[in-house]
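Before any comments, here is the structure.
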Amino acid sequence: MNIPFHKPILPKSLDEIYSDSIKNGWLTTGEQVRIFEKKLTEYLLYKNIIGLNSCTAGLHLALAAKEFKKGDKFLVPTLTFVSTIECGEHVDMEPILVDCTKNGFLFDLNYIEEQIKKDDKIKAIIPMHYGGELCDMKHIICIAEKYGVFVLEDAAHALESSINYNKDSYPDHAIAFSFYANKNITSAGEGGALATNNESLAKKVKKLSLHGITKDGWDRFKDFGKWEYDITELGFKYNMTDVSASFALWQWNFLENWRNRRKNIADQYFLGLKDIEGIMLPKIAQNHSLHLFVIQLRLKFWKISRNVFIDEMNKKGIGLAVHYKPIHQLSYYKKMYNLKYDNYPVANSLYDSIVSLPIYPSLKQEEIDYVISSIKEISIKHSK
C-alpha cells in the first residue's frame, strides 16, 4: 500500500474550477479574488481581507505596513516554520525565540510578558497556531494592550479555528492565513490572505501587495475604466491571481465536510492508538482545525529513535512528516543570533519525538486501518 503524507483533492474537470476566470479572459487579480475575499470576510468575521500569494506574504506585508524601525524586536515561537520568523527579519527586526509551554506545542505566554517588561524594543508578538490548536489569544491581546504591542497571528494551520476572537476592541492586530498545497483548502498550490479590522493597516497592505500602486489592473481596465495610476511608495509583488482564487472557491464548497472527515479520521486514530504505552496522543479541543495530527513517541518505551520509527513506517509505504525542526536548531539562525540549544528544552524534546500522521479527507478506510495496524506492529516489535 502507498499512502502519502498528504494528497490534495482535485476536481474531475478543470471546468469546475476555471470556467468563470477563463470565460471572462482575466487570469490575474480580478473579480474571482474579490469574490474569495468576500467569502473569507463573511466566514471569519473580519472587516478587511486581502487575498495574497502566500501566508508568508501576509506576515511580511503586515510588518512592513507597520513601519517598524531597525533594531525593533518581535517575539516568535521556536517551534514553527521559518516563514514565521523571516518575515520580521525582512523588515530589519530582531527575533526573540520563545520555547514551548511545558505541556504542549504552543509558546510560553509567561515568558512573553516577562520579556516585554524587560525590553521596550519588543514591538510585536507573532503567535503561531500549531497544527490548528489555538494560542490563548485573549491572554495575548491583554498583554499587547497593556504594553502597546502589535499582534500578528500566524494562522497558516488554523483557518476554521480563527473565527471571531472578539478582538474588535484592539485595533493593532492582524492575522495571516495559508492556502498552500497541503493546507485544509488550497488555491492551486500557493496562496494566502491577511485579515484585520484595522482599516488603515488594510489599505496600506493592499497597496504594498502590488508594487505600491494606487489602482490594480482590474480597477484600471474593467468596464473600460480609467487606466491612469500612480506609485506612492515602494511595494512588493504579493497579489493573489484569479486562477488561484477560482481554485480556492471550488475547494471552499467542501470546507466543512472536509473538516468533519478529518475529525472522523482523528477519532479513529484516538481509538486505535490509545492503548499503546509508547505513544502520547494530541489534545484536540472542539475548535481545533485538525490541520495536523501529531503524535509523540514516549522514547523511554522504545528501543528505536523517532527517525527510525519514520523509516519503518516508510518501508510500509506510509508517508509521515515532522512539524518542525525548531528555529534555534537551523544553521543560519544558530550562527546569526548565537542561539543556544539548551535554552529551548521543551522544543528540543518535542522535536526528537513528534510525528505527523496523514489526515487528509480522501484517506480511505482501509488506509486508515493500515496506518493504525502498522504503528501497532512497529510498537510491538520495537518496544522495550
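Here's the yes/no breakdown for (1) in contact with a Lys or Arg (Cβ under 9 Å, 6 or more places away or on another chain); (2) without any contact (Cβ under 8 Å) to a residue 40 or more places away in the chain; (3) over 30 Å from GLN251 (Cα atoms); (4) aliphatic (A, V, I, L, M):
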| site | (1), (2), (3), (4) |
| --- | --- |
| LEU350 | no, no, yes, yes |
| SER353 | yes, no, yes, no |
| SER356 | no, no, no, no |
| SER362 | yes, no, no, no |
| LYS384 | yes, no, yes, no |
Practice problem: List the number of the failed condition for ILE50; all other conditions in (1) under 20 Å from GLY131 (Cα atoms); (2) buried (at least 21 other Cβ atoms within 10 Å of the Cβ) hold. | Solution: (1)
Exercise. Taking the options MET128, MET137, name whichever one is closer than 17 Å to PHE150 by Cβ, among the hydrophobic types (A, V, I, L, M, F, W, C) and modelled with pLDDT under 95.
Key: MET137
Quiz prompt | Looking only at region 22-34, and only at residues there that are among the aliphatic types (A, V, I, L, M) and within 16 Å of ASN53 (Cα to Cα), the one that is nearest to the chain's Cα centre (by Cα) | solution = VAL33
Quiz prompt | Test set (1) touching a Cys at 6+ places or on another chain (Cβ under 9 Å); (2) at pLDDT below 95; (3) charged (D, E, K, R) - LYS183 fails condition number | solution = (2)
Quiz item: Just checking, how many residues over region 53-78 are crowded, with 23+ Cβ neighbours inside 10 Å and under 22 Å from HIS211 (Cα atoms)?
Solution: 10
Exercise. Can you work out which of the residues in region 17-35 that are assigned to a helix (DSSP H, G or I), surrounded by 15 or more Cβ atoms within 10 Å (Cβ to Cβ) and among the hydroxyl-bearing types (Ser, Thr, Tyr) is modelled with the highest pLDDT?
Key: TYR18
Quiz item: If you check GLU133 against the conditions, is it touching a strand residue (DSSP E or B) at 6+ places or on another chain (Cβ under 8 Å) and buried (at least 21 other Cβ atoms within 10 Å of the Cβ)?
Solution: no
Quiz item: When you look at THR101, is it surrounded by 23 or more Cβ atoms within 10 Å (Cβ to Cβ) and under 23 Å from ALA321 (Cβ atoms), yes or no?
Solution: no
Exercise. Scan region 317-338 residue by residue and report those that are over 28 Å from GLY278 (Cβ atoms) and either without any contact (Cβ under 8 Å) to a residue 60 or more places away in the chain or surrounded by fewer than 19 Cβ atoms within 10 Å (Cβ to Cβ) (or both).
Key: LEU330, SER331, TYR332, LYS334, LYS335, MET336, TYR337, ASN338
Quiz item: Quick one: which of GLY148, GLY217, GLY191, GLY212 is surrounded by fewer than 20 Cβ atoms within 10 Å (Cβ to Cβ) and at pLDDT 95 or above?
Solution: GLY148
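The values are calculated or read from the model by the stated rules, or taken from the named source; none is laboratory data. Keep in mind that what you see is a predicted model, and the values were worked out from it rather than measured. Virtual Cβ from ideal backbone geometry, glycine too; neighbours counted across all protein chains shown.
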